[in-house]
Every structure is written in structure tokens, then in C-alpha cells.
Amino acid sequence: MTRARARSRSAGFTLVEILVVIVIIGIISAGVLLSVNLTGRDRELEKESDRLLGLVNYAREQAELQTREYGVLFHEDGYQFVVYDARRGLWREIYEDESLRLRRLPDGLDFKLVVEARPVVLSPTGDPKSQPTEKRPQAKSLKDVTSLKDATTPGRGLEDDTTTLKDAKAVMPQIMIFSNGDLTSFEVTLEREGAMRSVTLAQDEKGQFVEKPLVEGKT
């Protein structure tokens, strides 16, 4: 009888033993998932930082090709590129190039900006204080509408007529992109909410605008 019981025990596991194994597997799995969450890739953060890097370098190329000044206006939750309108003597939004339009960051991401070693307080994209405008007369004829359309068509002059782009908002950028491709000295950090991780973009010693390695925050 004693030998039969010993054989039955050695033939399989008890319910308690199975539950203990399940608990151990669960703990290990949770640890792996937590580790990936804390130190794994943040694809959304990487995507947005790569996009900003590409757009700034693209705007530098356009500034040199067109021999005109561009700029970048950062918001707390987005950014936009602007251009200097020499005829009207003001900075304005860009309507001629869709790639340089206003872009908002996905929820959970925000910017930290430092210009010439000084932190800059950023406003949300919807804050009127961050987007000052000037008063202008509205289009009163088909000619005015046609002029606006022609000015925003690639290959057409951007400042051929004082009535063109009259509805464009006047804005003042924090970052200058000069006609020779030079930039205002700055660095911008794209940060995950709670400072979990961040990516900083800035100029290197050679004047190239580059993306620094992702930094994991303290949790």
C-alpha cells in the first residue's frame, strides 16, 4: 500500500505544485513586460523626433535654395515653420509647402526648448498669445482670391502682389533659419509625459542638426 502511494506521487504533480509553477511563470512574464516597457523602444517618440530632424534639415535646404529666411515656432504640443515675407516685412505661416505646415504632437509627448542656453516657456498650439495676428482686409473680389491661389502654387512668385497671402497669420519664430543655412543656437527635447524618456535634437560641432541618443528617465 505504501509503495502504491509513492508510485502515484512520483507519476504526477499535485494541484499545489502546479499553482506554484503558474505563479512563478506569471511573475517572470510580468518582469519581462515591465522591463520592455521601461527600457524598450518608444516608436511614437522615435517617429516624431525623426520627422522633426528631417523637416528642419529640409527647411535649411529650402532657405539656401530660395535665398530667404525661414524660422521654426515651437509650441508646447506642436511646431510649425514660418517664412519671412520681405515685401510685407513680417513673418508668416507657410501655405505653399504642405510639409512645413503646423504639426501637433501625439498625446503624451511635449517639447522643452532651450535657445542660446536659455530655457523658453512654450504655449499650447491653441493659445492666441503664441500666434499673434495682424488685421487685414478680407478678399473682396475674384481677383484677390485668384492672386492668393497663384501665390500658393509651386513655381509661382510668393511676393508678386501685396494682396497675396493676406490671410496668412503673422507669427514670430523662436528659431531662425538663415538664407545661408545657418541656425539659431538651440536644442529642443521631445519628451514622453512623466519624463520617462526623451530625445534631444541640436547642432553638433560641425553645424549639422542631429538627433542625440534616446535617454531613459528615472522612474
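Values in this text are rule-based calculations from the coordinates and carry no lab data. Predicted model, so just to flag it, every value in this text is computed and none were measured. Quick reminder, even Gly has a Cβ in these numbers, built from the backbone with ideal geometry, and neighbours come from all protein chains shown.
Annotations
- Put simply, the amide H of Leu90, placed in the peptide plane, has neighbours under 5 Å in Asp85, leaving out anything fewer than 5 places away on its chain.
- Burial ranking of peptide ranges 60-67, 71-78 (average Cβ count within 10 Å, highest at the top): 71-78, 60-67
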